[in-house]
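Structure first, then comments.
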Amino acid sequence: MASNGNVELSNEEIEKFKDDVKDFDDEFDDAVEEVGEIADAEGNFGVSNDELAVIRGELAVDFPEDFNYLSDAYILSVASKPYSKDPTVRRPIEYTLEKLRNVMKWRDDEQACFLGDLVDLANGSPNDPAAVEDPDAFNTALALTKCVNNSSMYWHGFTKKGQPVLWFRVNRKPWYPDVDAEVKTLILFADVGVQHMPKGVTDFVVISDSTSPPPPNPQFMISLLTALVKGYPDRLGGLYSAPTNSIIQWVMNLLLPLMPGRLASKVNLKTQEEIPECLSHILLNGAADIPTFFGGTALHDTLYPEEPQLSTKGEGALKFDFYGMKKRLAEGREAYERSKK
């Protein structure tokens, strides 16, 4: 509903969101780099290789097409935590499996592992047998690709901790979004980042150029937050947004009270003057990685220009350099891992 020019969430929408994510609220925590036999300084417990194999085996039975999505480091990060009912002992394996099954069930419902196939479908000819035989899938692929083509998000570079960086350019977002397609696009890109994390890294960083955002869309905001909480618990290492304007402040005032505690603590709103110094401490190559739209020298728009400057990549509708982005991310991961050996 409208109120003083803004859009508000109804009590029903808020309660539905809280009900949807109640089983995910603050149940996940950051991965541990080393697993000991007893609780470490952060209260994490050891997990044996046999126990890890049991968890992997159970997930493989329940989700045969997607069970490799979860890395060993991420599974260990969940399994090694203290049990909420008795913090002096580790979580039971069945408890860990329940939490991981929740994530995998959400992915299964959203058909997350097939979204990359839709990009391939949209990039091919409309006369391909796959497009002709399944027009519904082809139309879904076209809607997804339309969102990808606006270049409003892309992976580029890593942090000093090896976290891949997802960049948002909110001024490129449509004023009237196709909510389902936009959420699918977010899932598609989030999976790309997870798949290209260096060994032992379990989270990513989001940096948003929040200049000239479109009017907030409550359905999209709630759907986006639901996807982040249910599909990517504790995957967000930090979100940095600049500049801080009235629309961004309004959106954060709306969403922050709905976020799980640790998720809310990872949101950082910066002014245009503050963001360069902040990024110089975060990004792998420091100031050299700061893009021009934040006062640096890195030319993001050469690789990821706005849609009018894009050209078709294949026979179909894809214009955004999706495959090139994945290739550069893989090369960056390999370079980071070599530097740490």
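Rule-based calculations on the coordinates, nothing more; no lab input. What you see is a predicted model; the values in this text were computed from it and never measured. So basically every Cβ, Gly included, is an ideal-geometry build from the backbone, and we count neighbours across all protein chains shown.
Some notes on this structure:
- Shape call, the stretch 159-215: gyration tensor on alpha carbons, a/c limit 1.5: oblate
- Net dipole in debye of the chain [+1 Lys, Arg Cβ; -1 Asp, Glu Cβ; about Cα centre; nearest 20]: 1000
- 222 nm mean residue ellipticity, helices alone, for the chain (DSSP H n ≥ 4; -39,500 (n - 2.57); rounded to 500): -14000 deg cm²/dmol
- Cα gyration tensor shape for the stretch 187-281, rounded if a/c is under 1.5, else prolate or oblate: oblate
- Here Cα Rg over 2.2 N^0.38 Å was calculated from the structure, and among (i) 1.55; (ii) 1.01; (iii) 0.97 it sits at label (ii).
- Nonlocal amide H pairs with residue 91, under 5 Å, H built at 1.01 Å: 81, 83
- Rounded, prolate or oblate (a/c below 1.5 giving rounded, otherwise prolate when a/b exceeds b/c) for the stretch 148-340 by Cα gyration tensor: rounded
- Annotation: amide H-H contacts under 5 Å for residue 157 (H modelled 1.01 Å from N, sequence separation of 5 or more, or interchain): 165.
- Listed by chain and number, the lysines whose alpha-carbon sits under 18 Å from that of residue 173, ignoring those within fewer than 8 places in the same chain, are 146, 184, 319.
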